[in-house]
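Here's the structure we're looking at; comments come further down.
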There are 2 protein chains.
Amino acid sequence: MKTLKIPEATIIRLSVYSRYLTQLDKKGITNISSGEIAEGVGGSPAQVRKDLAYFGEFGTRGVGYNVRDLNQHIIRILGLNKNWQVIIVGAGNLGSALTQYKGFRERGFDVIAVFDNDINKVGLTLNGIPIYPVSKLNEIVKKKQVDIGIIAVPAPYAQDVADAMVESGINAILNFAPVVISVPEEVELRNVDLAVNLEILTFNLELQKDKN
Amino acid sequence: MKTLKIPEATIIRLSVYSRYLTQLDKKGITNISSGEIAEGVGGSPAQVRKDLAYFGEFGTRGVGYNVRDLNQHIIRILGLNKNWQVIIVGAGNLGSALTQYKGFRERGFDVIAVFDNDINKVGLTLNGIPIYPVSKLNEIVKKKQVDIGIIAVPAPYAQDVADAMVESGINAILNFAPVVISVPEEVELRNVDLAVNLEILTFNLELQKDKN
């Protein structure tokens, strides 16, 4: 995946455009210009056009884009024109928060199982989703054809969980544990570091101070 | 802040470089090249040099960077050469997971209070952090000189919480609620949308499929 030429920032923005277009579509708005998209999401019209240009020609000069068509294009680009089966390993606070997270289902991500080794949790459900022991991971991933695994365990257990996921045939992993884990090259791995978000805020706060 | 010329992607990468340099420093490694940094974090040497060049001249040609010096520079750039006081509004699963999140304290973010309107939670502590009613937010933010507020409430309450934060003098907000909130221009706002991370994975999975 190192040869991917589309910047990740573009993918992130496409995801944001799509959310905005979904909102507009719900409101019954049918047409929009790149300037209006930019204004709605806090970007520049040139950036919007550049991001979309990676994927071909959309819209009509002087008329703009059809909201629903453009959104459907983006949804297809992002692979969201189907539902994805997701499992979460770790039934603690984070795993629990993630099972409740409405943003996943809205975008077609179905959390179908949670795994934990705490015998007090196994057999129960978390927001309606069954909790299994980690020893069942391989069986359930294969049976339910799960594509994506989310790691929500403490750092010392993250690599073992990743190994079990890879072993079971999962080919995309989202890791919330604050530790570097390694997976085979063909497995997509994304690390979420929540502190980075705070660091962008403090960077901007310091910048403001320097200006004043 | 719209005139900021340093790309956000650069800030995010600086944050990643700094974590890596901290690890190396702990291992007693004193010098590093841009190529080694790139390898350690999964980037290109040219990108590393370009990111650092925004902030002046670091390192010596042919010798590389002093690990500790470079890290201290980056830490200062990110505003992390001091501790930041943080509050969280919302003592549910997400708020609870965030109070436990070790990555915050490691980078100098001290969560000093949690707020919630559930009378069964007020007066208790969450991982050692006191839970107050939201009506106390203004008083505590002012008294403790809190800089950053984290919104971890359901979407319908997010705007009210943001308003209360702004009113109390908080000037940076991290919003986990999946809803667009508005704040005055001088307040730094960052929205965390966890589904975007999954969408980057599915984009890459689809791309792999197209290649095969």
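Can you report the number of residues in segment A:105-120 which are touching an Asp or Glu at 6+ places or on another chain (Cβ under 8 Å) and of a type outside the set (Lys, Arg)?
Of the residues in segment A:105-120, 0 are touching an Asp or Glu at 6+ places or on another chain (Cβ under 8 Å) and of a type outside the set (Lys, Arg).
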Working only within segment A:35-68, note down all residues that are loosely packed, with under 13 Cβ neighbours inside 10 Å and over 22 Å from the mean Cα position of the chain (by Cα).
A:Ala46, A:Ala53, A:Gly56, A:Glu57, A:Thr60, A:Arg61, A:Gly62, A:Val63
Segment B:158-176 - residue that is over 22 Å from A:Phe203 (Cα atoms) and surrounded by 17 or more Cβ atoms within 10 Å (Cβ to Cβ) and, of those, farthest from the other protein chains (Cβ to nearest Cβ):
B:Ala164
Can you pull out the residues in segment A:93-114 that are at pLDDT 90 or above, touching a Lys or Arg at 6+ places or on another chain (Cβ under 9 Å) and not β-branched (Val, Ile, Thr)?
A:Gly108, A:Ala113
Being within 30 Å of A:Lys121 (Cα to Cα), surrounded by fewer than 21 Cβ atoms within 10 Å (Cβ to Cβ), among the basic types (Lys, Arg) and within 10 Å of chain B (Cβ to nearest Cβ): is that true of A:Lys82 here?
no
Do we find that A:Asn71 is of a type in the set (S, T, N, Q) and touching a residue at least 40 places away in the same chain (Cβ under 8 Å) in this structure?
yes
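Which members of segment B:188-202 meet the condition of being free of Cβ contacts under 8 Å to residues at least 40 places away in the same chain and not polar (S, T, N, Q)? Break it down stepwise before answering.
In the first step, residues of segment B:188-202 are kept if they are free of Cβ contacts under 8 Å to residues at least 40 places away in the same chain; the result is B:189-202.
Within segment B:188-202, B:Leu189, B:Arg190, B:Val192, B:Asp193, B:Leu194, B:Ala195, B:Val196, B:Leu198, B:Glu199, B:Ile200, B:Leu201 qualify.
Please tell me if A:Ala164 is closer than 24 Å to B:Gln208 by Cα and among the small types (Gly, Ala, Ser).
Values: closer than 24 Å to B:Gln208 by Cα: yes; among the small types (Gly, Ala, Ser): yes.
Yes: the conditions hold for A:Ala164.
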Within segment B:146-157, considering residues that are closer than 14 Å to B:Arg190 by Cα and of a type in the set (Gly, Ala, Ser), the one surrounded by the fewest Cβ atoms within 10 Å (Cβ to Cβ):
B:Gly149
Search result, residues across segment B:72-107 that are under 15 Å from B:Gly128 (Cα atoms) and either among the basic types (Lys, Arg) or part of a strand (DSSP E or B) (or both):
B:Val86, B:Ile87, B:Ile88, B:Lys102, B:Arg105
Test set (1) surrounded by fewer than 21 Cβ atoms within 10 Å (Cβ to Cβ); (2) at pLDDT 95 or above; (3) in contact with a helix residue (DSSP H, G or I) (Cβ under 8 Å, 6 or more places away or on another chain) - A:Lys143 fails condition number:
(3)
Among the residues of segment A:4-40, write down those that are under 14 Å from A:Leu52 (Cβ atoms) and more than 12 Å from chain B (Cβ to nearest Cβ).
A:Leu21, A:Ile32, A:Ser33, A:Ser34, A:Gly35, A:Glu36, A:Ile37
Determine if segment B:40-62 includes at least one residue that is in a strand (DSSP E or B) and in contact (Cβ under 8 Å) with a residue 24 or more places away in the chain.
no
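Residues to consider are B:Asn138, B:Asn117; find the one that is more than 12 Å from every other protein chain (Cβ to nearest Cβ), in contact with a Pro (Cβ under 7 Å, 6 or more places away or on another chain) and modelled with pLDDT of 90 or more. Outline the logic, then answer.
Values: B:Asn138 fails: in contact with a Pro (Cβ under 7 Å, 6 or more places away or on another chain).
Going through B:Asn138, B:Asn117 in turn, just one is more than 12 Å from every other protein chain (Cβ to nearest Cβ), in contact with a Pro (Cβ under 7 Å, 6 or more places away or on another chain) and modelled with pLDDT of 90 or more: B:Asn117.
May I ask you to say which residue of A:Leu14, A:Leu80 is in contact with a Gly (Cβ under 7 Å, 6 or more places away or on another chain) and aliphatic (A, V, I, L, M)? If you could, list the steps in order and put the result at the bottom.
Working: A:Leu14 fails: in contact with a Gly (Cβ under 7 Å, 6 or more places away or on another chain).
The unique qualifying residue is A:Leu80.
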Looking across segment A:161-185 at residues that are farther than 18 Å from A:Val86 by Cα and out of contact with any strand residue (DSSP E or B) (no Cβ under 7 Å at 6 or more places or on another chain), the single one that is modelled with the highest pLDDT is A:Pro184
With respect to B:Phe104, is the statement that it is in contact with a Phe, Trp or Tyr (Cβ under 8 Å, 6 or more places away or on another chain), closer than 27 Å to A:Ala91 by Cβ and surrounded by 20 or more Cβ atoms within 10 Å (Cβ to Cβ) true?
no
Among (1) part of a strand (DSSP E or B); (2) farther than 17 Å from A:Leu194 by Cβ, which single condition is B:Asp110 missing?
(2)
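Look at A:Asp210 and say whether it is more than 9 Å from chain B (Cβ to nearest Cβ), under 19 Å from B:Leu201 (Cα atoms) and surrounded by fewer than 18 Cβ atoms within 10 Å (Cβ to Cβ). Don't jump to the end; show me each part of the working.
Details: more than 9 Å from chain B (Cβ to nearest Cβ): yes; under 19 Å from B:Leu201 (Cα atoms): no; surrounded by fewer than 18 Cβ atoms within 10 Å (Cβ to Cβ): yes.
No; evaluated as a whole, the condition is false for this residue.
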Of all residues in segment B:181-205 being aliphatic (A, V, I, L, M) and facing chain A (nearest Cβ under 8 Å), which is surrounded by the fewest Cβ atoms within 10 Å (Cβ to Cβ)?
B:Leu205
B:Asp69 vs (1) on the phi > 0 side of the Ramachandran plot; (2) not in a loop (DSSP other than H, G, I, E, B): all pass except (1)
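The values are calculated or read from the model by the stated rules, or taken from the named source; none is laboratory data. As the structure is a prediction and not an experimental result, all values here were calculated from the model. With ideal geometry, Cβ positions are generated from the backbone for all residues, glycine too; neighbour counts draw on all protein chains shown.
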